[in-house]
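A short write-up of the structure that comes next.
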């Protein structure tokens, strides 16, 4: 069962402004990534379901967070159907992110009052997701649509909360363009948790990158 409610998750996404994305089959390496993200100030992380037995890795990492990083909200991404969402629910997932809008996933997540964020690419899809109870819509792939798309959506629908994923990097220029357009938060994968960090195990670099990015987001919001 999830340790955090969907309201708590949505509030933390909005407060933090960034959701790091990560996948690796090595559980021990995953724990080091989580420690570094936590030390840098992150309290959300999306584990992407992209490898064989990924759910087994998630299970161990989620248990690790519960025991040692109690404020870390673990979610899962790349969920493709209701069955897979239900599997992760049994492992205590706190939020579900999908690459596309699927109503079967909305049904199972809403039944358990779990935050779900579907990948959308049109105003019609966004509106339908909100009709199905979505709090924060994932704009994917974000780099294809860009900040101008967010700004255009927010004009007729100022209540819409958007999280672009893909095409987001931890630079001031990039983040400024997204937050000025009106995003609620951003999802960041390899631009944040890079292959070099994982290969060289330079977790101090990751901790500093997380901290500096979160600080930058807060600074941009105060302008």
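Could you identify the single residue in 15, 46 that is out of contact with any helix residue (DSSP H, G or I) (no Cβ under 7 Å at 6 or more places or on another chain) and surrounded by fewer than 17 Cβ atoms within 10 Å (Cβ to Cβ)? Write out each step before concluding.
Working: 46 fails: surrounded by fewer than 17 Cβ atoms within 10 Å (Cβ to Cβ).
Exactly one of 15, 46 is out of contact with any helix residue (DSSP H, G or I) (no Cβ under 7 Å at 6 or more places or on another chain) and surrounded by fewer than 17 Cβ atoms within 10 Å (Cβ to Cβ), namely 15.
Of all residues in the range 27-43, which are surrounded by fewer than 21 Cβ atoms within 10 Å (Cβ to Cβ), in contact (Cβ under 8 Å) with a residue 24 or more places away in the chain and not in a loop (DSSP other than H, G, I, E, B)? 27, 29, 31, 32, 35, 38, 39 - these are the residues of the range 27-43 that are surrounded by fewer than 21 Cβ atoms within 10 Å (Cβ to Cβ), in contact (Cβ under 8 Å) with a residue 24 or more places away in the chain and not in a loop (DSSP other than H, G, I, E, B).
For (1) assigned to a strand (DSSP E or B); (2) in contact with a helix residue (DSSP H, G or I) (Cβ under 7 Å, 6 or more places away or on another chain); (3) farther than 27 Å from residue 191 by Cα; (4) touching a residue at least 60 places away in the same chain (Cβ under 8 Å), each residue gets a yes or a no:
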position: 79; (1), (2), (3), (4): no, yes, no, no
position: 87; (1), (2), (3), (4): no, yes, yes, no
position: 104; (1), (2), (3), (4): no, yes, yes, no
position: 128; (1), (2), (3), (4): no, no, yes, no
position: 133; (1), (2), (3), (4): no, yes, yes, no
position: 145; (1), (2), (3), (4): no, no, no, no
position: 151; (1), (2), (3), (4): no, yes, no, no
position: 158; (1), (2), (3), (4): no, no, yes, no
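Do the conditions hold for residue 51, that is, is it more than 16 Å from residue 19 (Cβ to Cβ), modelled with pLDDT under 95 and either surrounded by fewer than 18 Cβ atoms within 10 Å (Cβ to Cβ) or within 12 Å of the chain's Cα centre (by Cα) (or both)?
Working: more than 16 Å from residue 19 (Cβ to Cβ): yes; modelled with pLDDT under 95: yes; either surrounded by fewer than 18 Cβ atoms within 10 Å (Cβ to Cβ) or within 12 Å of the chain's Cα centre (by Cα) (or both): yes.
Yes, satisfied.
Can you tell me which residues in the range 161-187 are assigned to a loop (DSSP other than H, G, I, E, B), surrounded by fewer than 22 Cβ atoms within 10 Å (Cβ to Cβ) and touching a helix residue (DSSP H, G or I) at 6+ places or on another chain (Cβ under 6 Å)? Listed by number, the residues that qualify are 166, 167, 170, 182, 184.
The values are calculated or read from the model by the stated rules, or taken from the named source; none is laboratory data. These numbers were taken from a predicted model, which means no experiment stands behind them. We place every Cβ from the backbone using ideal geometry, glycine too, and count neighbours over all the protein chains shown.
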